[in-house]
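Trainee: Dropping a structure here in structure tokens format, bear with me for questions.
The values are calculated or read from the model by the stated rules, or taken from the named source; none is laboratory data. Quantities reported herein were computed from a predicted structural model and do not represent experimental measurements. Because the Cβ atoms are built from the backbone with ideal geometry, glycine has one as well, and the counts that use them run over all protein chains shown. Heads up: the accessible areas ignore ligands, DNA and RNA and are worked out on the full protein's heavy atoms, side chains in. Shrake-Rupley method; radii C 1.70, N 1.55, O 1.52, S 1.80 Å.
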Amino acid sequence: MNSSNNRQDVFGDCVFKSFFVVLLGVIINCINSILLYTFFKNPVLAQEPRYILYTQLIINDIITLSVGVTLYVFTCLLPNLNVAICCVLVLIASNVFKNTPLNLAGMAIERFVAVCYPLHHAQICTVQNTKILIGIIWLMGALPGMLDFLVVLALRPLSFFTSNRICYLQNVFNSEYHVISHAVFNIVYMCSVWVLLFYTYFKVLFSAKAAASEPAQAQKARRTILLHGVQLLLCTLSLLTTVLDGALTSRFPDYRVIIYYCTFILTSILPRLLSPLIYGLRDQTFKKYIKSSFMCSTKTFVSPEKWL
């Protein structure tokens, strides 16, 4: 009888946690959807590379959040998931997760060019070049996952894909190759983005001191790149979630479920809230277009302001 009651308590706890995670995901995605609606309703925004990159980041966050919440719910309520379905979800999650730092790097480079090479900004940061950059970001984000999948196809029998198991990355791609390649790739990948972010930040900082023209723009650019650094830090912490979970659960084994739940919220859910808060609320032009789109304003705007 006690065992049955315990199972019911555990299931009820999982249902509550899943409901809260889904609720957070829906709220954040609704906020992001408002920003997407604003972008696509006002074609003039699609002519600015910074807004295109920002919209790409929002789309990526929506997919990341949706797939992450789905995986969490499956893990909590349906732990034995078909491996083939799990592989699809994990590969999508891996792709969009790797896209985020690359997108932040692209946005930092755009700000760097705007401040340090303003005369060449229009030639370098074109709409066409921005779309090419987005394509490269998606390709680079997808390649590691596709290699992981090909290795699994080569090492595992086809019956592996019809089996059921708990769906998370380390449980599906768990060969020695995957362990080593993930560690090496993540270190090189994140270090490269961090170096690029630091480089653009200090170049903008020194350019602002050297040039007297438009110091306010350079100051805003520094703040924006610094905010990119905060987002990148959260992405880096996400890579350490497994290590963090292991360290905390070994010290507090009785709170394993709570630790997993809290680290998931902190490293996977809340960072997705930063993009609309940082850019959607800071950018005056975007706020004007949001009001225009949702309040049926007849007021039009000739061209976007330079947002940072």
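Trainee: Checking residue 213 against (1) modelled with pLDDT under 70; (2) part of a helix (DSSP H, G or I), which test does it fail?
Mentor: The one condition residue 213 does not meet is (2).
Trainee: Any chance region 150-171 includes a residue that's outside any helix (DSSP H, G or I), within 29 Å of residue 278 (Cβ to Cβ) and without any contact (Cβ under 8 Å) to a residue 60 or more places away in the chain?
Mentor: no
Trainee: Sticking with this one: Hey, could you check region 240-254 for residues that are in a helix (DSSP H, G or I), open to solvent by 50 Å² or more (accessible area, probe 1.4 Å) and closer than 20 Å to residue 269 by Cα and say which is modelled with the highest pLDDT?
Mentor: Checked region 240-254; the qualifying residue modelled with the highest pLDDT is 248.
Trainee: How many residues does region 35-58 contain that are touching a helix residue (DSSP H, G or I) at 6+ places or on another chain (Cβ under 7 Å) and open to solvent by 50 Å² or more (accessible area, probe 1.4 Å)?
Mentor: Residues meeting the conditions: 3.
Trainee: Answer with yes or no whether residue 115 is surrounded by 13 or more Cβ atoms within 10 Å (Cβ to Cβ), touching a Ser or Thr at 6+ places or on another chain (Cβ under 6 Å) and hydrophobic (A, V, I, L, M, F, W, C).
Mentor: Yes; evaluated as a whole, the condition is true for this residue.
Trainee: Restricting the search to region 87-106, which residues are buried (at least 21 other Cβ atoms within 10 Å of the Cβ) and closer than 23 Å to residue 262 by Cα?
Mentor: 90, 93, 94, 96, 97, 98, 100, 101
Trainee: Would region 145-160 turn up any residue that is open to solvent by 30 Å² or more (accessible area, probe 1.4 Å) and closer than 25 Å to residue 232 by Cα?
Mentor: Yes, that holds for at least one residue.
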